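Chemist: Before I ask anything, here is the structure I am working with.
The values are calculated or read from the model by the stated rules, or taken from the named source; none is laboratory data. These figures come from a predicted structure and were not determined experimentally. Note that we place each Cβ from the backbone using ideal geometry, even for glycine, and neighbour counts take in every protein chain shown. Only protein heavy atoms, including side chains, enter the accessible area calculation; ligands, DNA and RNA are left aside. Shrake-Rupley method; radii C 1.70, N 1.55, O 1.52, S 1.80 Å.
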Amino acid sequence: MNKDILLKNKIDVPQALERFAHNEAMYQKYLLRFEEDKSFKNLETAIKDKEYYLAFQAAHTLKGIAGNLSLTPLYEKMCDLVTYLRDSSDIQKAELIFPQVCELYEQTVQTIRESAKE
């Protein structure tokens, strides 16, 4: 795991390692599993199908995972999305920021892949 690549992309490795009791191997294991989690795919499907309660559940799960792994940019945008999905009057806002969530998710996955190559 190349920490410099992660840090350059605003992934807060020191904070994550604190959360993982400074066990780098465990952090790397869960970081590499991030892409396997189904929450993002479930979120995409729910937004497309306008199933906003399911979208909220998936977004909330993804927010938690991103927070635990200190994937800061994605986590912060997921906080916004969860807030908008929680309040049905803000669904339009949720749909407006969803493309940003998708972009950040893809950037995060790419960053993790790059850091694993090193």
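Chemist: Just checking, which of Ala21, Ala16 is of a type in the set (A, V, I, L, M) and exposed (fewer than 12 other Cβ atoms within 10 Å of the Cβ)?
Modeler: On inspection, the qualifying residue turns out to be Ala21.
Here is a yes/no grid of residues against (1) touching a strand residue (DSSP E or B) at 6+ places or on another chain (Cβ under 8 Å); (2) aliphatic (A, V, I, L, M); (3) modelled with pLDDT of 95 or more:
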| position | (1), (2), (3) |
| --- | --- |
| Asp4 | no, no, no |
| Val13 | no, yes, yes |
| Ala16 | no, yes, yes |
| Phe34 | yes, no, yes |
| Ser39 | no, no, yes |
| Asp90 | no, no, no |
| Gln110 | no, no, yes |
| Glu114 | no, no, yes |
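Chemist: Would you confirm whether or not the range 24-40 contains a residue that is open to solvent by less than 40 Å² (accessible area, probe 1.4 Å), in a helix (DSSP H, G or I) and among the small types (Gly, Ala, Ser)?
Modeler: Of the residues in the range 24-40, the ones open to solvent by less than 40 Å² (accessible area, probe 1.4 Å) are 27, 31, 34, 39-40.
Then keep just the ones that are in a helix (DSSP H, G or I); that gives 27, 31, 34, 39-40.
Pick out the ones that are also among the small types (Gly, Ala, Ser) and you get 39.
The answer is yes; a qualifying residue exists.
Chemist: So Lys10 fits all but one of (1) open to solvent by less than 60 Å² (accessible area, probe 1.4 Å); (2) touching a Pro at 6+ places or on another chain (Cβ under 6 Å); (3) basic (Lys, Arg); what number is the exception?
Modeler: (1)
Chemist: Are any residues in the range 27-51 closer than 23 Å to Ser70 by Cβ and β-branched (Val, Ile, Thr), and if so, which ones?
Modeler: Those that are closer than 23 Å to Ser70 by Cβ and β-branched (Val, Ile, Thr): none in the range 27-51.
Chemist: Checking Ile112 against (1) at positive phi; (2) assigned to a helix (DSSP H, G or I); (3) of a type outside the set (S, T, N, Q): exactly one of these is not met. Which one?
Modeler: Here Ile112 clears every test but (1).
Chemist: In the range 67-83, what residues are crowded, with 20+ Cβ neighbours inside 10 Å and free of Cβ contacts under 8 Å to residues at least 24 places away in the same chain?
Modeler: Tyr75, Met78, Leu81
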